[in-house]
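Notes follow the structure.
The values are calculated or read from the model by the stated rules, or taken from the named source; none is laboratory data. What you see is a predicted model, and the numbers here were worked out from it, not measured in a lab. We place every Cβ from the backbone using ideal geometry, glycine too, and count neighbours over all the protein chains shown.
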Amino acid sequence: QKEVEQNSGPLSVPEGAIASLNCTYSDRGSQSFFWYRQYSGKSPELIMSIYSNGDKEDGRFTAQLNKASQYVSLLIRDSQPSDSATYLCAVITSGTYKYIFGTGTRLKVLA
Amino acid sequence: NAGVTQTPKFQVLKTGQSMTLQCAQDMNHNSMYWYRQDPGMGLRLIYYSASEGTTDKGEVPNGYNVSRLNKREFSLRLESAAPSQTSVYFCASSEGWGPPYEQYFGPGTRLTVT
């Protein structure tokens, strides 16, 4: 089992819809969770961090964390073509504090 | 603030050549990292420096060396480049080591080894 797993996609959604991206992790003791956006040929850009169970909202983005089920998700409301990118989930594991990235989910927002 | 900067942006090397990738951050961060990103493999940690004066191996350190020159700068050296080191290299930094600190990435270096 990979330490951080994401569906590679592509996930295609129409413009204006809600895009839902999911990530599961294996280390139950993990404490910090991050979502990065990476446009093709560019570097990862931090968009959300979440540390407690529940939802955290920032503009059109909502991160959701469920430590009991070991998953973290990212919702993008009113999706725009400019949201088309690969979204990386990252987790800081317990103990060694390794920062582990998933392989990313490619999102395509169709105009 | 420039954030995290990397040089060069692109580089082509022949097998066996050496080179150093430079990274600098102006955010007064304590921790710095080097990653490589390959298609389908995601970001893999090569080396990291939790604080000035320390460096440690990550997941894929073979064929690389690093130097934490000062708090701002962290360089990655390829002593004898191999085609398997063709990749995109990212430097990142964070205020501290471990949770809850977020990492911020530089623009990357696209390296091709022929």
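Of the residues in the stretch B:36-47, at least one is at pLDDT 95 or above and away from chain A (no Cβ under 12 Å). Return yes when A:G16 is more than 10 Å from every other protein chain (Cβ to nearest Cβ) and over 15 Å from A:V4 (Cβ atoms) and no when it is not. Yes.
Can you tell me which residues in the stretch A:37-60 are at the interface with chain B (Cβ under 10 Å from one of its Cβ atoms) and either assigned to a loop (DSSP other than H, G, I, E, B) or in contact (Cβ under 8 Å) with a residue 40 or more places away in the chain (or both)? Passing the criteria: A:Q38, A:G41, A:K42, A:S43, A:P44, A:Y51. The residue list B:G108, B:G58, B:G53, B:G63 contains one member that is small (G, A, S), buried (at least 16 other Cβ atoms within 10 Å of the Cβ) and free of Cβ contacts under 8 Å to residues at least 40 places away in the same chain, which is B:G58. Checked against the criterion of being touching a Leu at 6+ places or on another chain (Cβ under 9 Å), assigned to a strand (DSSP E or B) and farther than 13 Å from A:L21 by Cα, the stretch A:100-108 has at least one qualifying residue. For the stretch A:101-111, the set of residues classified as out of contact with any Cys (no Cβ under 9 Å at 6 or more places or on another chain) and either among the hydrophobic types (A, V, I, L, M, F, W, C) or under 25 Å from B:S51 (Cα atoms) (or both) consists of A:L107, A:V109, A:L110, A:A111, listed by residue number.
A:F34 fulfils the conditions (1) within 13 Å of chain B (Cβ to nearest Cβ); (2) exposed (fewer than 13 other Cβ atoms within 10 Å of the Cβ); (3) of a type outside the set (S, T, N, Q) except for a single criterion, (2). The sole residue among A:T93, A:T24 that is at pLDDT 95 or above and either more than 23 Å from B:S31 (Cβ to Cβ) or not basic (K, R) (or both) is A:T24.
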